[in-house]
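These notes concern the structure reproduced below.
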Amino acid sequence: MAKLKVGVLISGRGSNMAALIKAAEAPDYPAEIACVVSNVADAAGVAIARAAGIATAVIPHKSFPDRETFDRAVSAELEKHGVGLIALAGFMRIQSPWFPDHWAGRMVNIHPSLLPAFPGLRVQQQALDAGVRVSGCTVHFVTPELDAGPIIAQAVVPVLPGDTADSLEGRIHLTEGKVEVAGLPQGATLLFSDEP
Ligand code: GRF
């Protein structure tokens with residue numbers, strides 16, 4: 001069976017992207033990483049993707065007059081590679097409404113909390129401030145509302161006494177790659193069943 005072509009969007013270190021690239025090297029993984037697009041030229045993930053032989057494009061958002069023009073350029077790059085599913089993996093750009101509309105049901109994100117708790121930024125501090133005893137990470141479909149789309153996969157991570165935002169972030173980060181790798185095929189299944 002033909003593999004699902006995945007395009008990964010990044011802005012930074014790219015460890016979730018790296019986990020996907022590694023998983024996709026297995027012959028029985030149902031997805032292949034068709035391309036990686038970064039809006040940040042010196043993002044560490046760009047070098048990782050290049051070293052893995054993945055088609056990589058840098059599209060700096062600052063070169064575009066507005067969000068939608070940038071989004072359309074990113075979209076065109078993904079379509080050039082026949083991408084059927086986008087994985088946002090630390091992509092730090094708020095998108096114009098056009099983008100999630102155009103890719104509705106065909107875009108997933110990983111977020112470092114148990115959504116719907118703690119969307120947005122300063123996620124770990126939100127968790128500490130709320131006094132929760134567990135947090136975790138979530139793979140979900142992307143909709144126009146930030147961090148609010150249908151949930152595909154989650155993992156629970158304990159909040160330990162004395163945790164800081166950094167220590168909690170580090171512990172959650174250790175689980176994220178696994179959830180991303182497991183969540184992507186689940187998302188693809190939902191995608192093909194047409195019922196995200
Ligand atoms: C992760 O914490 C992810 O949950 C969030 O951005 C971070 C990306 O990390 N959306 P990395 O670039 O994959 O290492």
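Tell me the label-point distance for the pair residue 160, residue 92, using the 7 Å Cα-to-Cβ offset, in nm and rounded to one decimal.
Distance between label points: 2.6 nm.
Could you tell me which of 74, 2, 52 has its Cα farthest along the dipole of the range 1-124 towards the positive end, charges placed at Cβ (Lys, Arg +1; Asp, Glu -1), taken about the Cα centre?
Of the candidates, 52 comes out farthest on the positive side.
For the range 137-185, which GluC sites (Glu not before Pro) are in a loop by DSSP, counting at most 16 other Cβ atoms within 10 Å?
Passing both the DSSP loop test and the Cβ count: 145.
Tell me, how many Å apart are the Cα centres for the range 1-39 and for the range 130-160?
Between the Cα centres of the range 1-39 and the range 130-160 lies a distance of 21 Å.
In the Gaussian network model of the chain, springs joining C-alpha atoms below 10 Å, which of 167, 135, 15 carries the largest mean-square fluctuation?
167
For the range 17-125, rounded, prolate or oblate, judged on the Cα gyration tensor with a ≥ b ≥ c (square roots of eigenvalues), a/c < 1.5 rounded, else prolate if a/b > b/c?
Because its axes are fairly even, with a/c under 1.5, the range 17-125 counts as rounded.
When only alpha-carbon atoms count, how far does the chain stretch along each of its three principal axes, as whole angstroms with the largest first?
Computed over the Cα atoms, the extents are 48, 42, 35 Å.
Test of the criteria: in the range 127-196, which trypsin sites (Lys or Arg not before Pro) are in a DSSP loop and have at most 16 other Cβ atoms within 10 angstrom of their Cβ?
In loop regions of the range 127-196 (DSSP not H, G, I, E or B), the sparsely surrounded trypsin sites (Lys or Arg not before Pro) are 133.
Out of 167, 121, 192, whose Cα points farthest toward the positive end of the dipole of the chain (charges: +1 Lys, Arg; -1 Asp, Glu; placed on Cβ)?
Farthest towards the positive pole: 167.
How many nm separate the modelled label positions at residue 169 and residue 41, each set 7 Å beyond the Cα in the direction of the Cβ?
A separation of 2.6 nm, rounded to one decimal place.
Within 10 Å of each residue's Cβ, count the other Cβ atoms and sort 140, 81 from fewest upward.
Least crowded to most crowded, the residues run 81, 140.
How far apart, in nm, are the 7 Å Cα→Cβ label points at residue 125 and residue 190?
Result: 3.0 nm between the two label points.
What does the extension gain come out to for residue 52 and residue 32, with contour length at 0.36 nm per residue minus their alpha carbon separation?
5.9 nm
What 222 nm value per residue comes from the helices of the chain, counting each DSSP H run with n ≥ 4 as -39,500 (n - 2.57) and dividing by all residues, nearest 500 deg cm²/dmol?
Only helices count here, giving -11500 deg cm²/dmol.
Of 80/178; 5/80; 5/62; 3/62, which sit over 22 Å apart, Cα to Cα?
Violating the 22 Å Cα-Cα cut-off are 80/178; 5/62; 3/62.
Given Cα pairs under 8 Å that are at least 6 residues apart, what percent is the relative contact order of the chain?
Answer for the chain is 20 percent.
Counting Lys and Arg as +1 and Asp and Glu as -1, each charge on the Cβ, what is the dipole of the range 55-196 about the Cα centre in debye, to the nearest 20?
In total the dipole reaches around 220 debye.
Tell me, in nm to one decimal, what length is gained between residue 79 and residue 148 on full extension, where the rule is 0.36 nm per residue of separation less the Cα-Cα distance?
Gain in length upon complete extension: 22.3 nm.
About the Cα centre of the range 1-62, what is the dipole size in debye to 20, counting +1 per Lys and Arg Cβ and -1 per Asp and Glu Cβ, all else neutral?
It works out to roughly 140 debye.
Each value in this text was obtained by applying a stated rule to the coordinates, not by laboratory testing. What you see is a predicted model; the values in this text were computed from it and never measured. Positions of Cβ are generated from backbone atoms using ideal geometry, with glycine treated the same way; all protein chains shown enter the neighbour counts.
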